[in-house]
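Heads up: the structure comes next, in structure tokens.
Read-outs throughout are calculated quantities, based only on the coordinates presented, and are distinct from any laboratory measurement. Being a predicted model, the structure only gives us computed values, none of them experimental. Please note: Cβ atoms are built from the backbone with ideal geometry, for glycine as well, and neighbour counts cover all protein chains shown.
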Amino acid sequence: MPTQDTNFDLQRAELEATAAALGLRIATRCKTCGHWLTSPASRAIHQGPRCRAQQEARQ
Ligand SMILES: [Zn+2]
């Protein structure tokens, strides 16, 4: 039986495939500055590389 994470990954993969087929890009907003993010790494953490670097520098 698949775990919830597996289902989520599957749904995400299907969404990515559907978006690609339609010529769309999936984007989410940076939780810090509200900038639109399209790279998978940034979308995964809902934060852009610049804001992430600033946050890490403050810690
Ligand atoms: Zn940001």
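Odds and ends about this structure:
- On the stretch given as segment 11-23, residues that are on the phi < 0 side of the Ramachandran plot and exposed (fewer than 11 other Cβ atoms within 10 Å of the Cβ) total 6.
Here is a yes/no grid of residues against (1) within 10 Å of the ligand (Cβ to nearest atom); (2) out of contact with any Lys or Arg (no Cβ under 6 Å at 6 or more places or on another chain); (3) farther than 21 Å from D5 by Cα:
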{"position": "L22", "(1), (2), (3)": "no, yes, yes"}
{"position": "R25", "(1), (2), (3)": "no, yes, yes"}
{"position": "A41", "(1), (2), (3)": "no, yes, no"}
{"position": "H46", "(1), (2), (3)": "yes, no, no"}
{"position": "Q54", "(1), (2), (3)": "yes, yes, yes"}
